[in-house]
Amino acid sequence: MWAELLPVGRSASSGGYRRFAWNSADAECRAWFEEQARSRGLHLELDRNGNQWAWLGDPHGEGAVVTGSHLDSVPDGGAFDGPLGVVSAFAALDELRSRGAEFTKPLAIVNFGDEEGARFGVACIGSRLTAGVLSKEQAFDLRDADGIRLPDAMEKAGYDPEAIGADRERLGRIGAFVELHVEQGRYLAEDQSVGVASAIWPHGRWRFDFHGEANHAGTTRIEDRRDPMLTYATTVLAARKKARLAGALATFGKVAVEPNGTNAIASLVRGWLDSRAADEATLDEVVEEIRRAAFERGERDGVRVELTRESYTPVVDFDEPLRDRLARILGRADGRPVPVLPTGAGHDAGILASVIPTAMLFVRNPSGVSHSPAEHAEENDCLAGVVALADVLEDLACQG
């Protein structure tokens with residue numbers, strides 16, 4: 001499975017992946033998912049929001065156990081973020097069948113669409129729509145960098161955008177969702193292949209628009225300039241300082257410049273801030289400090305600054321009984337408990353946590369690198385993750 005999926009959407013120049021919502025690579029990933037489901041005799045279902053479900057047992061039965069993740073990527077992302085959870089889900093089912101496990105509850109493997117938000121700027125669109133966190137109206141307002149509306153992209157890919165919206169009935173039939181994911185960071189020790197998530201830090205995305213005045217780079221005196229690039233650069237430095245002092249994270253990872261000429265002073269710089277913290281009060285304080293720094297610098301530079309919050313996810317504490325149950329299931333043979341740790345990354349499991357019991361497993365990442373072609377997990381750790389997921393699913397879905 002891994003070998004089949006690796007070439008899909010991979011850039012020959014960077015070695016990273018460009019699997020964006022509703023593009024050709026996304027279509028290939030969806031076709032791969034369909035083939036994996038059919039080869040195992042699973043019932044394939046596409047929900048109203050374009051998420052794929054592969055069912056063992058009655059899709060309309062109560063108390064279903066669901067696992068899976070996503071197959072899309074950030075620009076030039078790594079191979080493991082998302083796909084490891086989907087591949088491991090199919091492999092865990094194979095493992096359970098080899099054990100002769102008898103399922104007493106419906107089991108589903110899911111591929112949520114547009115988890116990374118690389119194309120339309122909002123993360124976890126598939127799960128947000130399903131959970132009712134993102135409305136149809138909000139989704140229809142989303143556009144990509146080329147100005148293409150989300151519903152138009154869906155329609156071009158062969159999906160009905162008019163059908164999207166909250167799917168409470170479906171979620172009401174799910175008893176537990178467990179997402180396996182490669183660790184993003186380096187917190188699991190060398191002898192710890194798998195960990196259990198305790199919580200997801202609150203996080204969000206903010207767009208800063210710095211409006212200046214276009215002018216000639218070679219003839220405009222320094223004192224006559226209204227250069228938004230200067231205000232933007234100062235804000236980037238302020239973000240790093242404010243986050244470090246608060247023990248939080250703040251990153252400007254995307255920027256757009258107009259008119260984007262080497263010999264021209266920009267008229268507009270648009271920068272996107274990603275910020276995360278251990279609690280919501282700290283996150284709000286950090287973003288406010290960055291906003292204040294941007295506006296104060298803008299006044300000095302003659303630059304008008306606008307701030308728009310594009311997405312926000314509050315702190316997510318995973319279902320405590322389910323989390324503790326996973327920790328007990330995966331207790332180590334030497335008597336030591338399985339590691340339980342928080343994460344600063346958002347996931348579909350975090351979105352669904354507000355409406356159904358959810359939990360996460362992490363597979364060790366020796367480098368700690370993620371959202372990069374250098375993202376990696378050792379094969380032995382991945383196999384340990386499959387066995388751990390199988391153990392969890394057997395306990396949840398095969399008990400009387």
Shape category assigned to the stretch 72-149 from the gyration tensor of Cα positions, a/c cut at 1.5:
oblate
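Give the ranking of TRP2, TRP22 by solvent-accessible surface, highest area first, calculated with a 1.4 Å probe. Present the calculation step by step, with values, prior to reporting the outcome.
Details: TRP2 70, TRP22 35 Å².
Per-residue accessible area, sorted high to low, gives TRP2, TRP22.
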FRET efficiency for THR104 and THR308 from the Cβ-Cβ distance with R0 = 60 Å, rounded to 0.05, comes out at 0.80
Estimated dipole of the stretch 177-262 in Debye, rounded to 20 [Cβ of Lys and Arg +1, of Asp and Glu -1, Cα centre]
300 debye
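Counting pairs on different chains as well as pairs 8 or more places apart, how many Lys pairs in the chain have Cα atoms under 27 Å apart?
Lysine pair count for the chain: 5.
Working out 0.36 nm times the residue gap between LEU237 and ARG292, then minus their Cα-Cα distance, what length gain in nm do you get to one decimal? Display every interim value, and only then the final one.
Working: separation 55, 0.36 × 55 = 19.80 nm, distance 1.31 nm.
This chain segment gains 18.5 nm when fully extended.
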Exposure ranking of ARG364, ARG225, ARG304, ARG309 by accessible area [1.4 Å probe, largest first]:
ARG309, ARG304, ARG225, ARG364
Treating only the Cβ of Lys, Arg, Asp and Glu as charged (+1, +1, -1, -1), what charge dipole size does the chain show about its Cα centre? Round to the nearest 20 debye.
740 debye
If you add up the charges near SER135, with Lys and Arg at +1 and Asp and Glu at -1, over every other residue whose beta carbon is less than 11 angstrom from its beta carbon, what do you get?
0
Starting from the 7 Å offset along Cα-to-Cβ, what nm value, one decimal, do you get for the label separation of ASP317 and ARG300?
4.2 nm
Can you grab the distance from the C-alpha centre of the stretch 157-212 to the C-alpha centre of the stretch 40-98, Å, no decimals?
14 Å
Please name whichever of PRO373, MET1, GLY57 sits farthest to the positive end of the charge dipole of the chain, dipole taken about the Cα centre and charges placed at Cβ: Lys and Arg +1, Asp and Glu -1.
PRO373
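The values are calculated or read from the model by the stated rules, or taken from the named source; none is laboratory data. These numbers come from a predicted model, not from an experiment. All Cβ positions, glycine included, derive from the backbone under ideal geometry; neighbour counts span all protein chains shown. When the accessible area is computed, the model is the full protein with side chains, heavy atoms only, and any ligands, DNA or RNA have been set aside. Shrake-Rupley method; radii C 1.70, N 1.55, O 1.52, S 1.80 Å.
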